[in-house]
Amino acid sequence: MQIAIDARYINDHFPGIGRYVYNLIDALGPQLGAHRALVLHNPALVNTRHDIAALARHPAVELVETPLRPFSLAEQRGIPSLLRRLRADLFHAPYYVRPYAGLPCRSVTTLYDAIPRLFPAEV
């Protein structure tokens, strides 16, 4: 299985989400077995916290550079096109702003801070 993970959020603008995605990929690396993690990242984004190149030490992790930026209109078409080209079986979006149409595979989206939505009277 080809699992594409949107690591474009590993940048200084997203300290929490970036840390989550980096550590997720690092922890999954040794567990992938016959599966592959395709790590989508944009090296032009400022990242002073995490060594993305170090993730490639895991044999099943492949770094895939893309010029696409989070929150861009271009990502709405560019990410689905990239996933098709990579023949991804699954796309993990670590943020709710992601391509909403045209994905060529199943997807998983991580949502953060949902507690206020579930329990609004307690916040």
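The values are calculated or read from the model by the stated rules, or taken from the named source; none is laboratory data. The shown structure was predicted, so the numbers you read here are calculated from the model rather than taken from an experiment. Glycine also receives a Cβ, built like all others from the backbone with ideal geometry; neighbour counts cover every protein chain displayed. In case anyone asks, the SASA skips ligands and DNA or RNA and just uses the protein heavy atoms, side chains included. Shrake-Rupley method; radii C 1.70, N 1.55, O 1.52, S 1.80 Å.
The lone criterion from (1) among the aliphatic types (A, V, I, L, M); (2) surrounded by fewer than 19 Cβ atoms within 10 Å (Cβ to Cβ); (3) in contact with a helix residue (DSSP H, G or I) (Cβ under 6 Å, 6 or more places away or on another chain) left unmet by Ile25 is number (2). Within segment 50-87, the set of residues being touching a Pro at 6+ places or on another chain (Cβ under 7 Å) and either farther than 13 Å from Arg8 by Cα or of a type in the set (Asp, Glu) (or both) comprises His58, Glu65, Glu75, Gln76, Pro80, Leu83, Arg84. Mind checking which pairs have a first residue in segment 79-104 that is of a type in the set (Lys, Arg) and a second that is open to solvent by 40 Å² or more (accessible area, probe 1.4 Å), Cβ under 7 Å, 6 or more apart or different chains? Listed by first residue and then by second, the contacts come to Arg84/Pro104; Arg87/Gln2; Arg98/Thr109. Filtering segment 28-62 to residues that are under 21 Å from Tyr95 (Cβ atoms), part of a loop (DSSP other than H, G, I, E, B) and open to solvent by less than 20 Å² (accessible area, probe 1.4 Å) leaves only Asn42. Sub-9 Å Cβ pairs linking a first residue in segment 48-64 that is more than 21 Å from Leu83 (Cα to Cα) to a second residue that is among the acidic types (Asp, Glu) and in a loop (DSSP other than H, G, I, E, B), at least 6 apart or interchain, are Thr48/Asp12; Arg49/Asp12, ordered by first then second residue.
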